[in-house]
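Down below is the structure, laid out as structure tokens.
All of the numbers you see were taken from the coordinates with simple rules; none came from a lab. Since the structure is predicted, the reported quantities are computational estimates derived from the model, not experimental observations.
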Amino acid sequence: GVVVIADRSATGWRIRRTIKLLEDEPLLANSSTVIHDRAGWQFGHSVALSSSHLAVGAPYASVRPIPAADTDPEVGAVVIYKRSGNNFEIQDILTPEDLSTKLWPHDANPSEFFGYSLGLSGGLLAIGAPNAEHAAENANLDAGATHIFELQTSGGWTHVASLEPPSTERDTNGWFGKALAMNGFEVLVGHP
């Protein structure tokens, strides 16, 4: 996948640059759980832009629960870039492994689609995972979730909350978080 960055000038819109993850391009030193085979990631499936950051969703990224694990579930990832003038440099990669167990006590399930949708406003980032698993009434439902991350003064992003559909609206494959929009401290969550 590719992300195309365009801007408006006096004569109209123009493409300024593109961002593409190459298979052999190093990501980050601490991203050992995010593996290769980037062709299948669907990098660019969702994007969100603020004055200082760009977030790019890759809902089919394969992520190892630990670096030495044998399995590579496609739970998804979000690649975050920091703006530096007209350029963007990779700052962080978020996966379901970054979720706080105090706030979200489930294990990432295959095909969670973390990063399917994004919302970015200031130092807050909402990440849709419309196939996230829930334990409700002794049944696991892939009802979906939206995870909120906050930018820290250190430059990293920390998981601060998770939203899930109300218990009366919690359906199997409910796709809660399939679409997102953010404005300030408000987030709109699509639940088709």
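Residues whose amide H lies under 5 Å from that of Ala77, counting only those 5 or more places away or on a different chain, are Ala58, Tyr60, Ala61; hydrogens are built 1.01 Å from N in the peptide plane. Close amide H contacts of Asn131 (hydrogens built in the peptide plane, cut-off under 5 Å, sequence separation of 5 or more or a different chain): Ala145. Proximity of backbone amide H atoms, modeled 1.01 Å from N, is registered between Ala179 and Gly190 at under 5 Å, excluding neighbours fewer than 5 places apart on the same chain.
Can you tell me how much longer the chain between Ser154 and Thr18 gets when fully stretched, taken as 0.36 nm per residue apart minus their C-alpha distance, in nm with one decimal? Show your work: numbers first, answer last.
Working: separation 136, 0.36 × 136 = 48.96 nm, distance 2.74 nm.
Full-extension gain reported as 46.2 nm.
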